[in-house]
Amino acid sequence: MRIGILGAGAMADALGTQWARAGHQVMVSGRDTDRAGALAARIGSGARAGTFAEAVAFGEDAVLLAIRHDGVSDVLAAAGAGEGALRGRTLIDCVNAVVWESFTLASSAPMAERIAAAAPGAHVVKAFNVCHADVWRMTPPVFDGAPLAVPLCGDDPGALDTVRALVTDLGCVPLPGGGLERAGLLEATAAFAIGLWLGHGADARAMLPPLTHP
Ligand SMILES: NC(=O)c1ccc[n+]([C@@H]2O[C@H](COP(=O)([O-])OP(=O)(O)OC[C@H]3O[C@@H](n4cnc5c(N)ncnc54)[C@H](OP(=O)(O)O)[C@@H]3O)[C@@H](O)[C@H]2O)c1
C-alpha cells in the first residue's frame, strides 16, 4: 500500500516504522520539514518526507492523521481537506483530545466526527487511539500470550478492510467497533483507560471479566 502520514511525532514514528517493515510505501509529513525528513531516514525502507498536501497525494491507499488534537483543523486545512483532497481516501484517525489534568475529553463533539466534517468525502476510520505509541512499536504487541485487539469504528467497508489489513500487519487482531457514530465511545474509552493508567497507576485491563464470565 501507499500510506501518507500527517505528522512526524511518536505515532507517525511507531506506525510508520511497522508499516514500512511490512513492505508498505510510507510518506511522513510535518510543518517542520527537517523533523519529517529525520523521521523518514529513521524509518528507512525507502520512506519519504513531504508536506501535508504531498502526504495526502501520496497516500492513495490510506492516510494516517497523527497530529495533536489542537493542530488537527490547521493540518487538515493545509492538506487541502476542505477542497476535497481526501475525498475517497481511507483516513485513519488515532487522535485523542484528552485534557491531561482531568483525563476528560476537550470537546463533547467526537474528534472523529469533527475530522469527517473537515475532510468531506474521506472514509474516516477511528483506530490505534487506545494504546501508547510504545505498544505500537512492539513486534508484535502480544500480552499474556494473546495478540492485542484493535477496535475500529468506521462506515466504509473498503476503508475498514484496509485498516483491518494494517492492524494485522502489526501482529494485532482487528475488533469490530461499529460505525463512525460510535467513534466517540472509543475516544472516551481511551481517556478513561489513560486516567486509570496515569492517574491511579491502575490496570485498565483488570476492570472487565473474560468473555466466558459475562
Ligand atoms: N503518543 C501516544 O502514545 C499516542 C497514542 C494514541 C494516540 N495518540 C494520538 O496520536 C496523535 C499524535 O500523537 P503523537 O504522540 O505522535 O504526538 P507528537 O509526538 O507530539 O507529534 C504530534 C505531531 O503533530 C504535530 N503538531 C502538533 N501541533 C500542531 C499544530 N498546531 N499544527 C501542525 N502540526 C502540529 C507535530 O508537529 P511538530 O513536530 O512541528 O510539533 C507532530 O508532527 C495525537 O492526537 C494523540 O492524541 C498518541
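The values are calculated or read from the model by the stated rules, or taken from the named source; none is laboratory data. Because the structure is a prediction, the values reported are computed rather than measured. Methodologically, a virtual Cβ is constructed for each residue, glycine included, from the backbone with ideal geometry; neighbour enumeration extends over all protein chains shown. The protein model used for the area step is the full one, side chains on, heavy atoms only, and it has no ligands, DNA or RNA in it. Shrake-Rupley method; radii C 1.70, N 1.55, O 1.52, S 1.80 Å.
Descriptive notes on the structure:
- Furthest towards positive pole of dipole, 37, 56, 150, structure part the chain, Cβ charges: 37
- Within the chain, percent of DSSP bridges classed antiparallel, to nearest 5: 25 percent
- Karplus-based coupling profile of the range 58-68, in residue order and whole Hz: 5, x, 5, 9, 6, 10, 9, 9, 10, 10, 4, with θ = phi - 60° in 6.51 cos²θ - 1.76 cosθ + 1.60 and x standing for Gly or Pro.
- Amide H contacts of residue 92 (H built 1.01 Å from N, under 5 Å, at least 5 apart or other chain): 63, 64, 65, 125
- Descending by average beta-carbon neighbour count within 10 Å, the peptides 16-28, 96-108, 188-200, 160-172 line up as 16-28, 160-172, 188-200, 96-108, the highest first.
- When the Cα atoms of the range 2-189 are aligned to their principal axes, the ranges along those axes come out at 39, 37, 34 Å in descending order.
- Simple point charges give the picture: +1 on the Cβ of Lys and Arg, -1 on the Cβ of Asp and Glu, and for the range 2-189 a dipole about the Cα centre of about 320 debye.
- With all protein chains kept in place, the per residue accessible area of the chain amounts to 47 square angstrom at a probe of 1.4 angstrom.
- ³J(HN,Hα) computed for each position of the range 123-139 - Karplus, 6.51 cos²θ - 1.76 cosθ + 1.60, integer Hz, glycine/proline x: 9, 7, 10, 7, 6, 6, 8, 7, 10, 5, 3, 5, 5, 5, 7, 5, 10
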